[in-house]
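Take a look at the following structure, please.
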Amino acid sequence: MSILTRYIQTDRQQKLYDLAGGLADKAKERVKQAEDTAQLPAETVADFKREKYFSLTLPKELGGEALSLYELLLIQERLAVGDGATALSVGWHLGIVQELAQEDLWEPEIFDWFAKEVAEKQVLVNRIASEKATGSPTRGGVPETTAVRQGDEYVITGAKTFSTMAAVLDYYIVSTYIEDKDTVGSFLIKSDLPGISIDKTWDTLSMRGTGSDDVIFDQVRVPEKMLVEVNQQANPRKAKGWLLHIPAVYLGIAMAARNEAIDFAKSFKPNSLKTSIAEVPHIQQKIGEMDLKLMQARSFMYSVATEWDNRSKEDRQALSTDLAAVKTVATNLANEVVDLAMRIAGGRGLSKSYRFEQFYRDVRAGLHNPPMDDMVIQILAKKAISE
Ligand SMILES: Cc1cc2nc3c(=O)[nH]c(=O)nc-3n(C[C@H](O)[C@H](O)[C@H](O)COP(=O)(O)OP(=O)(O)OC[C@H]3O[C@@H](n4cnc5c(N)ncnc54)[C@H](O)[C@@H]3O)c2cc1C
């Protein structure tokens, strides 16, 4: 059993894993294009749509495969071995759809209609909640994007930052301050409505292929029924299993770096040695350390996911601390694994002709996806003190 396939336990999981593997290989071929344009390639989105991938987390009766959290993580890791940016992008969509299906966040009528859009048209959705002034929504800042009622419509005005897949999304779930209700809520907004434009600000070190540009809403008129959540996301401590799609991505990147480092160590024979560097003690030390870190992070992540899947909806809330801890442990260990892989490759690892430098850049982004490390540590400390 290889480290990659360690957590595949059933035939169904193997099939899902193979499906993700095929798409990951195709996405990997387009990494240069994605890096150059700082966009998720439309061809990659089309590949996923063809495979009906975007409905995987819908319940079976609504046309999906009812993926468990565990299964979502397996395919997220596999996608990220091919390309981290593609995995993070697709993971937002799959995770959001999974949460909507499991948590009854929306009125049944609107969710059923949206589920049909996903199942039949393979539409792509993401939550766009970050803003320049409010920063990460997890900090609890009130959005500066406003929703003002006019008759039976709302008029949305504002700008969102870090909007992953902005240019290829079919729908945005947009957090706003709702003037007449004096509260925060989210609207489901079709991406081609008049007044919506994209400001191509995404020129980053990491995860360039996510195309996480700014989306501008200039007096965008939406029907009242598209106000899908009022105060629903207000509780930052609410357990959200689906957010584990994030650590799975960064562990996938770390596994890809680990695999390439081992291949490099086995094939590189400097003329100062009679063997490859894989036989050298300090290289073996680093290889062993990479696997130790991956074993710790993955075993923690998959055990919490298994618990999540096995618990009732009510009992899942007790896992909120574990979920947060998994994210911090996994993303930090993933950074350490990639660092070790870079050290094994030596100076060559800095070259654009190897994948190491991209892993190094991409894995760094995990630190800035939610929940942030300082919040996780604070949650753990408060829990420990209160107990
Ligand atoms: C690759 C990638 C993809 C993303 N995709 C999406 C997406 O699809 N949708 C979306 O909505 N967002 C997305 N985000 C945005 C993400 O969720 C964060 O909003 C963003 O990374 C900014 O986080 P931050 O902690 O740096 O920001 P800020 O909140 O602006 O914080 C900046 C600094 O100030 C500190 N700080 C700020 N407020 C506080 C506070 N109250 N208490 C203590 N310290 C504070 C932070 O610790 C940090 O050091 C994405 C981010 C990345 C990197």
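Derivation of every value follows stated rules applied to the coordinates shown; laboratory data play no part. A quick note: this is a predicted structure, and the numbers were derived from the prediction, not measured. Note: ideal-geometry Cβ built from the backbone for every residue, glycine included; neighbour counts use all protein chains shown.
For the chain, what is the calculated [θ] at 222 nm in deg cm²/dmol (nearest 500), taking -39500 (n - 2.57) for each run of four or more DSSP H residues and dividing by its residue count?
-16000 deg cm²/dmol
If the reach is capped at under 17 angstrom between alpha carbons, list the aspartates and glutamates near LYS49, excluding any in the same chain fewer than eight residues apart.
Filter leaves ASP18, ASP25, GLU65, GLU117, GLU120, ASP170.
Let me ask you something else. If you find the alpha carbon centre of the stretch 43-67 and of the stretch 120-179, how far apart are they in angstrom?
Comparing the Cα centres of the stretch 43-67 and the stretch 120-179, I get a distance of 24 Å.
Still on this structure, please answer the following. Could you pull out every residue, at least 5 positions away or on a different chain, whose amide H is within less than 5 Å of the one on ALA166? Hs are placed 1.01 Å off N in the peptide plane, and Pro or chain starts have none.
ASP213
Still on this structure, I have one more. Any idea how far apart VAL230 and ASP315 come out in nm if each label point goes 7 Å out from Cα toward Cβ?
Placing both labels 7 Å along Cα→Cβ, they lie 3.4 nm apart.
Considering only DSSP beta bridges whose two residues both sit in the stretch 102-187, what percent are antiparallel, to the nearest 5?
So the antiparallel bridges amount to about 65 percent of the total.
Here is a follow-up. Among VAL326, TRP308, THR5, pick out the residue whose Cα is farthest towards the positive end of the charge dipole of the chain, where Lys and Arg carry +1 and Asp and Glu carry -1 on C-beta, about the Cα centre.
THR5
Now a separate question. Over the chain, what relative contact order in percent results from Cα pairs under 8 Å that are six or more residues apart? Mind dumping the intermediate values first?
Details: 680 pairs, mean separation 63.3, N = 387.
It comes to 16 percent, rounded to a whole number.
Related question: What span do the alpha-carbon atoms of the chain cover on each of the three principal axes, reported in whole Å from largest to smallest?
80, 49, 40
Another question, if that's okay. Along the charge dipole of the chain, which of VAL90, LEU58, MET295 sits closest to the positive end, that is, farthest toward it, with unit charges on the beta carbon of Lys, Arg, Asp and Glu (+1, +1, -1, -1)?
MET295
Cα gyration tensor of the stretch 1-64, axes a ≥ b ≥ c as square roots of the eigenvalues: rounded (a/c below 1.5), prolate (a/b > b/c) or oblate?
It is oblate, given that a/c is not under 1.5 and a/b is not larger than b/c.
Can you put TYR360, TYR154 in order of Cβ neighbours within 10 angstrom, beginning with the fewest? Numbers along the way, then the final one.
On the way: TYR360 20, TYR154 24.
Fewest to most other Cβ atoms nearby, the residues stand as TYR360, TYR154.
Cα axis of helix 108-121 to longest principal axis of the chain: angle in degrees, 0 to 90, nearest 10?
For helix 108-121, the angle is close to 50 degrees.
For the ranges 206-217, 3-14, 21-32, what's the packing order if you count other beta-carbon atoms within 10 Å of each residue, average per peptide, and put the highest first?
With the highest mean Cβ count within 10 Å placed first, the list reads 206-217, 21-32, 3-14.
For a quick check, take a GNM of the chain with Cα springs below 10 Å and name the residue from THR306, THR145, THR57 with the largest mean-square fluctuation.
Maximum among the listed residues: THR306.
To the nearest 10 degrees, how steep is helix 281-310 against the longest Cα principal axis of the chain, on a 0 to 90 scale?
So the inclination is approximately 30 degrees.
Considering only DSSP beta bridges with both partners in the chain, what is the antiparallel share in %, to the nearest 5?
Of the beta bridges lying entirely in the chain, close to 85 percent run antiparallel.
Now for a separate question. Could you work out how far helix 245-267 tilts from the main Cα principal axis of the chain, as a 0 to 90 degree angle to the nearest 10?
Rounded to the nearest ten degrees, it is 20.
Suppose every K and R has +1 on its Cβ and every D and E has -1 on its Cβ; what is the size of the dipole of the stretch 20-139 about the Cα centre, in Debye to the nearest 20?
Result for the stretch 20-139 is approximately 380 debye, rounded to the nearest 20.
Taking the highest mean first, how do the peptides 118-129, 159-170, 245-256 order by number of other beta carbon atoms within 10 angstrom per residue? Write out the running numbers ahead of the final one.
Values: 118-129: 20.6, 159-170: 23.1, 245-256: 29.2.
Ranked by mean Cβ neighbours within 10 Å, highest first: 245-256, 159-170, 118-129.
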